[in-house]
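The values are calculated or read from the model by the stated rules, or taken from the named source; none is laboratory data. Owing to the predicted nature of the structure, the values given are computational and were not obtained by experimental measurement. So basically every Cβ, Gly included, is an ideal-geometry build from the backbone, and we count neighbours across all protein chains shown. Surface accessibility is based on the protein's heavy atoms, side chains included, excluding ligands, DNA and RNA. Shrake-Rupley method; radii C 1.70, N 1.55, O 1.52, S 1.80 Å.
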Amino acid sequence: MNTCTEIKKEFMERNIKVSLTVHEAAEYTGIGRNALRKLLEWEAMPVIYIGRKILIRVETLDRFIALNEGKDLSNRADIIAVTKKEAV
């Protein structure tokens, strides 16, 4: 099984991307697409909307994971949201 670092390296080798779609972000983090969409609904991290397409910055995902390590992401009260200031 790939670690987050290995997946990040693979993404970086294939393409230099600064943002990912929900599907790519789910693959990158290991968080299921539905769970990730729920986190976005809860405004746990800033996103970019292009029409119906949602993009999430890789740095934002990394920051979110670091802030919420060891927390239950299914419990909204336990989640530490990434603000726009922190994501930059």
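Tabulated data for the structure shown
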| item | result |
| --- | --- |
| Selection count, the stretch 7-34, where residues are modelled with pLDDT of 75 or more, open to solvent by 90 Å² or more (accessible area, probe 1.4 Å) and assigned to a helix (DSSP H, G or I) | 4 |
| Residues of the stretch 38-82 satisfying the condition of being surrounded by 15 or more Cβ atoms within 10 Å (Cβ to Cβ) and either touching a Gly at 6+ places or on another chain (Cβ under 6 Å) or basic (Lys, Arg) (or both) | LYS38, ARG57, ARG63 |
